[in-house]
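Enquirer: Handing you a structure now.
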Amino acid sequence: MKTRLLLCNCKGLCGSFKDTDMNSLPFVLESELDIEYAALHPQLCGQGGNAVLLELLRAPAAEPTTRVVVGACAPEAQFKLFRKVMRQAGFPEERLVPVDIRSTNNDGILGRLREVVEALPAAEEASA
């Protein structure tokens, strides 16, 4: 199973990211987690972010074991904001794993994402 990680920091203007160093976070996540890569976009829900997300979801749509973890705002908001892009890319909604990374620092984000990424193989086996 492949896991790809996308991060969004809400244009860098959201106060809930004031304790987060987004410049070093992708490197830390790639070093600490079993993921293919980590990528950061300043606003995944904006026009440019949707275009990037569309391109990133197209390739894994054909790879049934690939999961895309998105660290950003509330999971419910992510599904609402990204549903159209997932449809356009042919990416199954159940393979997108949204994680709320707001209101913490890099260590807190690493902890939240570690918990999710480490649980993915067990979830994959349970659904097989």
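Rule-based calculations on the coordinates, nothing more; no lab input. Fair warning: this is a prediction, and the values are worked out from it, not measured in the lab. Virtual Cβ from ideal backbone geometry, glycine too; neighbours counted across all protein chains shown.
Enquirer: Could you work out which residue, out of LEU57, LEU81, LEU13, moves most in a Gaussian network model of the chain, that is, has the largest mean-square fluctuation with Cα springs under 10 Å?
Expert: Checking each option, the largest mean-square fluctuation is seen for LEU13.
Enquirer: Oh, and also: Are there cysteines in the chain with no other Cys C-beta under 4.7 Å, and if so, which?
Expert: CYS8, CYS45, CYS73
Enquirer: Report the semi-axes of the equivalent ellipsoid for the range 64-124 in whole Å, largest first, where each axis is √(5λ) for an eigenvalue λ of the Cα gyration tensor.
Expert: Those come to 21, 16, 7 Å.
Enquirer: Compute the FRET efficiency between ASP21 and GLU55 as 1/(1 + (r/R0)^6), taking r as their Cβ-Cβ distance and R0 = 35 Å, and round to the nearest 0.05.
Expert: FRET efficiency, ASP21 to GLU55: 0.85.
Enquirer: Based on the alpha carbon coordinates of the range 3-127, what radius of gyration and maximum Cα-Cα distance (Dmax) apply, in Å?
Expert: 13.6, 39
Enquirer: Same structure, new question: Under 5 Å between amide H atoms, partner at least 5 residues away or on a different chain: which partners does TYR37 have, H built in plane at 1.01 Å?
Expert: Residues meeting the amide H criterion: LEU5.
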